[in-house]
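Okay, structure first, notes after.
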Amino acid sequence: MGETLKDILDSVARGVFPPPDGRTTIVPQAAHRDAGVLAFTAHAVVFTDEDPDWVRRTLAGVDSDELSAPMNPRFLTALMDRTGRSNETIDLLAVATPLQGDPPLTLTEIDDPGQHHRIARAHKHRDDVRVWATDGGVLILGRGVAGRLEAAVEVTESLRHRGLGRALASSARHLSDGEPVWAQLAPGNARSVRAFQAAGFSPVGAEALLLAP
């Protein structure tokens, strides 16, 4: 059996990346919900249940260099048209190792998805969602692509620039129960990117997630 999407992500979390050989690896989806493209240094991974031959023919027809083709809007549009899926953005993908001890914040776990729009969104895109709140902030952990543990945070606008986002992101590492924590960050949201980097999350690639209707 060949390498799976989970195998690839587990290796990247350990700092072992696909070879920078300019090639594209095609693997099946880990679940129906999530298909998409991962871009690492000089290597892309397309995870889809579509015909691999179709994927390679379509990539070959994209008017760009081979390194850029998997993330090219024309390829992503073709994949969305073929699968009936949608994409919101191309994210920066980051990962961090777990931390021992208590989080740097006093957090209260909550279970009402109606309390915050980010919580309701998390239940649509992740499994086993858990949510913690602190004064002015929310931390969400849940199982996303290939079962990886994903973190998201939200900070009240009036409390930004005080280190709360960094502390929430760091708390995710303390609450991960000994496994790596992943984050999907919009590159244009520079404050969020800086907060997660300050909390020890390392950028490892880009991700275009295609969601089922």
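Details
- Normalised per residue, the accessible area of the stretch 8-156 is 51 Å², obtained with a 1.4 Å probe and no contribution from ligands, DNA or RNA.
- Spin-label zone in the stretch 1-35 - amide nitrogen under 12 Å from a point set 7 Å from the Cα of R56 along the C-beta vector: 24-26
- Residue by residue, the stretch 194-202 carries 3J(HN,Hα) couplings of 5, 5, 5, 5, 5, 8, x, 7, 9 Hz when phi is fed to the Karplus relation 6.51 cos²θ - 1.76 cosθ + 1.60 (θ = phi - 60°); x denotes Gly or Pro.
- Summing charges over neighbours of A35, with a neighbour being any other residue whose Cβ is under 11 Å away from its Cβ, gives 0 when K and R count +1 and D and E count -1.
- Extreme residue, positive dipole direction of the stretch 23-72, given options V55, V37, N72 (C-beta unit charges): V37
- Each residue of the stretch 88-102 was assigned a 3J(HN,Hα) from its phi angle through the Karplus curve 6.51 cos²θ - 1.76 cosθ + 1.60 (θ = phi - 60°); the sequence is 9, 6, 9, 9, 6, 9, 10, 9, 9, 6, x, 10, 8, x, 7 Hz, with glycine and proline shown as x.
- Using a Gaussian network model of the chain in which every pair of alpha carbons under 10 angstrom is joined by a spring, one finds that among N72, N189, N87 the greatest mean-square fluctuation is at N189.
- Among P180, P20, P103: highest mean-square fluctuation, GNM of the chain, C-alpha pairs under 10 Å: P20
- Vicinal HN-Hα couplings computed from phi for the stretch 22-30 (Karplus, 6.51 cos²θ - 1.76 cosθ + 1.60; Hz; Gly/Pro x): x, 9, 10, 9, 10, 10, x, 5, 7
- Rounded if a/c under 1.5, otherwise prolate or oblate - the stretch 1-82, Cα gyration tensor axes: oblate
- Based on Cα contacts under 8 Å between residues 6+ apart, the chain shows a relative contact order of 26 percent.
- DSSP beta bridge pairing in the stretch 2-100, given as percent antiparallel to the nearest 5: 60 percent
- Across the chain, Cα-Cα pairs more than 31 Å apart make up 21 percent of the total.
- A Förster radius of 22 Å, combined with the Cβ-Cβ distance separating R130 from A212, puts the computed FRET efficiency at roughly 0.40.
- Note on S202 and I110: the extension gain reaches 30.3 nm, defined as 0.36 nm multiplied by sequence separation minus the Cα-Cα distance.
- Accessible area of the chain belonging to carbon and sulfur atoms, whole % at 1.4 Å probe: 48 percent
- Cα-centred dipole magnitude for the chain, charges only on beta-carbon of K, R (+1) and D, E (-1), debye, nearest 20: 460 debye
The values are calculated or read from the model by the stated rules, or taken from the named source; none is laboratory data. All values reported here derive from a predicted model rather than from experimental measurement. Every residue, glycine as well, gets a Cβ built from its backbone with ideal geometry; the counts of neighbours run over all protein chains shown. With ligands, DNA and RNA removed, areas are computed over all heavy atoms of the protein, side chains included. Shrake-Rupley method; radii C 1.70, N 1.55, O 1.52, S 1.80 Å.
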